[in-house]
1. Treating the Cα atoms of the protein assembly as shown as identical point scatterers in vacuum, please give the log10 of the normalised Debye intensity I(q)/I(0) at q = 0.08, 0.09 Å⁻¹, two decimals.
2. Could you tell me how far the Cα centroid of the range B:194-221 sits from the Cα centroid of the range B:132-149, in Å?
3. Where in the range B:462-495 is the amide nitrogen less than 16 Å from a point lying 7 Å along the Cα-to-Cβ axis of A:N61?
4. Report, for the range A:6-194, the % of DSSP beta bridges that are antiparallel, rounded to 5.
5. Run the helix sum for chain B: -39,500 (n - 2.57) per DSSP H stretch of 4+ residues, divided by residue count, reported at 222 nm to the nearest 500 deg cm²/dmol.
6. Ignore the peptide's own chain and count Cβ atoms of other chains within 10 Å of each Cβ in A:71-77; give me the average, rounded.
7. In the range B:261-306, what trypsin sites (Lys or Arg not before Pro) fall in a loop by DSSP, with at most 10 other Cβ atoms inside 10 Å?
8. Tally the DSSP beta bridges in chain B and give the antiparallel ones as a percent, rounded to 5.
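The values are calculated or read from the model by the stated rules, or taken from the named source; none is laboratory data. Model, not experiment: these values are computed from the prediction. Cβ: placed from backbone, ideal geometry, glycine included. Neighbour counts: every protein chain shown. Ligands, DNA and RNA are excluded from the accessible area calculation, which covers all protein heavy atoms including side chains. Shrake-Rupley method; radii C 1.70, N 1.55, O 1.52, S 1.80 Å.
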Amino acid sequence: MIPFRIHTGLVAPLDRANVDTDQIIPKQFLKRIERSGFGEFLFYDWRRLPNGEVDPSFPLNQSKYNGTSILITGKNFGCGSSREHAPWALSDYGFRAIIAPSFADIFANNCLKNGLLPVVLEEQEVATIFQRARELNGYQLTVDLERRVVIDRENFLASFPINDFQRECLMAGLDDVGLTLRHDADITAYERHRGH
Amino acid sequence: MIDFAGKSRAVEFRSLTFLNCEVHLMTKPRTLFEKVWDAHIVRQPSDEPALLYIDLHLIHEVTSPQAFDALRENGRGLRRPDKTVATVDHNVPTIDRSLPIADLVAARQIEALRRNCSQFNIRLFDIDSSQQGIVHVIGPELGLTQPGRTIVCGDSHTSTHGAFGALAFGIGTSEVEHVLATQCLLQNQPKTMLVEVIGTLPEGVSAKDLALGIIKIIGTDGGTGHVIEYAGEGVRSLSMEGRMTLCNMSIEAGARAGMIAPDEKTFSYLKGRPFAPDDTRWDIEVAHWQTLTTDREACFDRVVRVNARAIEPHVTWGTNPGMVVPVSGVVPDPNETANDADRCATQRALEYMALAPHTRIEDIKIDRVFIGSCTNGRLEDLRAAARVVKGYRIGDSVRAMVVPGSQTVKRAAESEGLDYIFREAGFEWREAGCSMCLGMNADVLAPGERCASTSNRNFEGRQGRGGRTHLVSPEMAAAAAITGHFTDVRDWHFK
Ligand code: SF4
């Protein structure tokens, strides 16, 4: 996992609530057996018109948001399936952080395991970022995990919650499996005690 | 209690604070969830997530290949192959199984699962197995799903298994790898929520309608961060199948899991199943299972009460399961919503669904009907649908299919002659799998087609790009297939 400490990047707005995993990566693209290569299919059905052509009104298709790495979006982002293909597609596309008023549980968990940071801010703070991302050209934010804050160059400052354990794992790029394997003796003791 | 007549919400919210609870660590009353959770803690450092032991890990072809690759890349083994069970369901074809799989990519995924299972010594219910089926249908059917167990699967509808008093939840592929390598998961303890269903459901109203009714009340993110326990007469009176339908839909309310305390119905469902405890262990296990109830004094973080008598058959009109109204209702008007965000969401959903505000639900015509999925693809669901269909033919412009949840369900249905009833009426009768619940195989809606579906998600494009999904119960889907539009099954003339 790539460690996450501090990241500055261009912000793209996706002003919809309850964006589900089927929209993030439509299931016709889930049949790959690798982790990579999902980025080009991110939001596929929204990025394209029914005739297959690029929909110029979709934010990620606008040149203004070329090279974006921070997504600002509505509440309950990532609801639906537990498929990790959704964070894989977002990462593969180039996103490092997603900012929303709330996230679906499994999705947020999956993001953390892939070095993609889900940032929960207040509705009002999210609204401010939306406005700036739409109105300003090249609007950038800095997400500072060490200090748990999001800042921009226009004096915006908001702090976000994340628990210490998750923060440390992300900052060190630690792999959960490796961590747990260190407790092999505890697991064996549990199995013995429970008669497994 | 609130009077539930008319449009009033069939719910009463009550917040409880921990301050009201007396906390004596040793004797603290606990909820069902807390009992199962506590019994599975391998270690719990104060400032880290708990390391939770997993009793049963179910895997399928879509979310496991990358996890096995990661194991190999990191030179890790599989800790307990005996606690992992695999099947193929998400993209298997539901037509003739003797033909090779036409979709080469799906074939590649299924082949990868076979290879992984044989390399790591995992039991696989493969496409030609007489017990193949949707992972959440075969777990209970085989008796793998048992009270008090922790069960995970790389699929969000793992919540289904909570119907047995198991703690069951969906995980991502990184966690699949974690369980394969360690038989454990790192988890933060979720909050608890009680949904108490008072009274019993009226005739013609099913567990699916109850589930949709609850989501309508609490919202698609109403359960976020919580494990829901369903209790009360309305839940106790449900069959195991109905309980599974209810727990299955917990994830559509955003909940981590749904649970129902096990009782005599649970025990008699499990008795004699292939992986259930045998006679020598049965009484011991049942005695333990009987302790898996919420203590009377236990506290929940949140309590919601629902009056079962007020629940009607439901039909979703929009693009998430919370966008739902009773069949007697009308399509909502974006201009009558509570706030701007709701207005936009409603407008967008109506555009996608091609519906005009105030249209009577019963006036909405459908093109397709899908009866199946891990929500409503069990024998009882097929029986309920067949009871409606019996003696009728489907509407002229309707294409309808039944996809049993498992090969076991399919055989049982055939031995009762249900397949005959469906076929006579013009339904297609298919092989077991997820099928049009998610449209990863060839079973998809064409753009613009409108479908009455017994599945669990009506997201944009879920059943095929541009397809329009309305979630309903099996009875309601069957009635719509016959009349060609949504029809209140409570008024049905059974033949
Ligand atoms: S039937 Fe649908 S919801 Fe259930 S496991 Fe299959 S795809 Fe998922």
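1. -0.58, -0.75
2. Between the Cα centre of the range B:132-149 and that of the range B:194-221, the gap is 24 Å.
3. Residues B:466 fall inside that zone.
4. Percentage antiparallel, nearest 5: 50.
5. Mean residue ellipticity at 222 nm (helix-derived): -8500 deg cm²/dmol.
6. Across the residues of A:71-77, the mean count of other-chain Cβ atoms within 10 Å is 2.
7. Those that pass, being in a loop and sparsely packed, are B:R296.
8. 30
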